[in-house]
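Q: Below: one structure in structure tokens.
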Amino acid sequence: MKEQLIKINIDNSFELKDIFECGQCFRWDIEEDKSYTGVFNNSVVNVKKDGKTVTFKGVSDRDLKELIEDYFDLKTDYKKIKNELSKIDSNLANAVEFGDGIRILNQDLWETIISFIISANNNIPRIKKIINTLSKQYGKEIIFNNKKYYSFPTPKELGKASVEDLRKTGLGFRDIRIFNTTKMINDGVFNLEKLKTLNDTKEIENTLLKLDGVGPKVANCIMLFALKRYDSFPIDVWVRRVMNDLYFKYDDEEKLSKKEIEKFAKENFKDKAGLAQQYLFYWRREEK
DNA sequence: ATGCAGGCGCGCA
DNA sequence: TGCGCGCCTGCA
């Protein structure tokens, strides 16, 4: 573990608040100086932005520049993506303008699976709290700036926890789901590496659905946030709300079926449905 | 207090 | 296949 520092000039699509608070991640916290510190890939990194200069400071076994390029997906041209989305309709143009600094992070598959199983019927502060507790109890300590941080536990590390142990971390009824999913992965019944090699989005989704605690919404979040499947479209209460308000206008949003939303998203947003979802979701949650 | 939060799994038609 | 229902827990 060595401390490293790099500065990068980024003139487009990189706003800390937009990235870390658009709902895709749970392990980034804001500091007093408005920078953010997060734990990912067995590393701890602090990100600070001044004008166009972004400073990354952190501890990692890997080369920090490579780590950052991969995790923040710096090679992807968001200017182009935002242009294409804006052309689809005026709602997207507004949403993209609002969430101008969003980037979809390239997160660890295993961590994303567990995190979004925890997210079911839950709220963000508690999701973050549970993930912190799990990391503290089963992950490895990392020292950064004289403070203790904890890596997200590996499948083996989390596999040491019994259902009762998990319940004590505040997981509630999700304890057995986490236990079963962890076991499936440790037993080799479910192969994470093999999943990464699959091409067909629908096949990936159907595979993920075999995991306990993974339904359609969670599966689509995993595909979008950990497998770069920008065509996947997670539908939760907020997405349903914003889609009904903007495109369907039923008097009661409950009348809008998931099927209907899926069809609309596929036809109109095509291979960028997930990206569109993220801008719309963030816009709706933050603006109103 | 009671309801609710970024769903899921189950049982039943 | 498509519904309705209950669910740990913490917080307002």
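Q: Kindly write out, for the range A:256-271 in residue order, the coupling ³J(HN,Hα) from the Karplus curve 6.51 cos²θ - 1.76 cosθ + 1.60 (θ = phi - 60°), rounded to whole Hz, with x marking Gly and Pro.
A: These are the phi-based 3J(HN,Hα) values: 7, 7, 4, 4, 4, 5, 4, 4, 4, 4, 5, 6, 9, 9, 6, 6 Hz.
Q: Quick one: order A:I142, A:I30, A:I131 by neighbouring beta-carbon count within 10 Å, fewest to most.
A: Fewest-to-most ranking of A:I142, A:I30, A:I131: A:I30, A:I142, A:I131.
Q: Can you find, among A:L16, A:L158, A:I118, the residue sitting farthest towards the positive end of the charge dipole of chain A, where Lys and Arg contribute +1 and Asp and Glu -1 at Cβ?
A: So the residue we want is A:L158.
Q: Right, here's the next one. For chain A, what is the calculated [θ] at 222 nm in deg cm²/dmol (nearest 500), taking -39500 (n - 2.57) for each run of four or more DSSP H residues and dividing by its residue count?
A: Mean residue ellipticity, 222 nm, calculated: -13500 deg cm²/dmol.
Q: A follow-up question, please. Test of understanding: what is the full-extension gain from A:N123 to A:K249, defined as 0.36 nm times their sequence separation minus their Cα-Cα distance?
A: Taking A:N123 through A:K249 to full extension adds about 42.7 nm, to one decimal.
Q: Of A:K87/A:K217; A:K82/A:K217; A:K7/A:K183; A:K49/A:K258, which pairs sit farther than 29 Å apart, going by alpha carbon to alpha carbon?
A: The answer is A:K7/A:K183; A:K49/A:K258.
Q: If you place +1 on the Cβ of every Lys and Arg, -1 on the Cβ of every Asp and Glu, and leave all else neutral, what size is the dipole of chain A about its Cα centre, to the nearest 20 Debye?
A: 400 debye
Q: Right, here's the next one. Work out the FRET efficiency for A:D212 and A:I8 from their Cβ-Cβ distance, taking R0 = 51 Å, and round it to the nearest 0.05.
A: Using R0 = 51 Å, I get an efficiency of 0.80.
Q: Oh, and also: To the nearest whole percent, what portion of all C-alpha pairs in chain A is separated by more than 31 angstrom?
A: Pairs farther apart than 31 Å: 29 percent.
Q: Would you pull out the residues with amide H under 5 Å of A:Y150's amide H, same chain only if 5 or more places away, H placed 1.01 Å from N?
A: Counting only residues 5 or more places away or on other chains, the set is A:I142.
A short reminder: the numbers here are calculations on the coordinates, not readings from a lab. These numbers come from a predicted model, not from an experiment. Please note: Cβ atoms are built from the backbone with ideal geometry, for glycine as well, and neighbour counts cover all protein chains shown.
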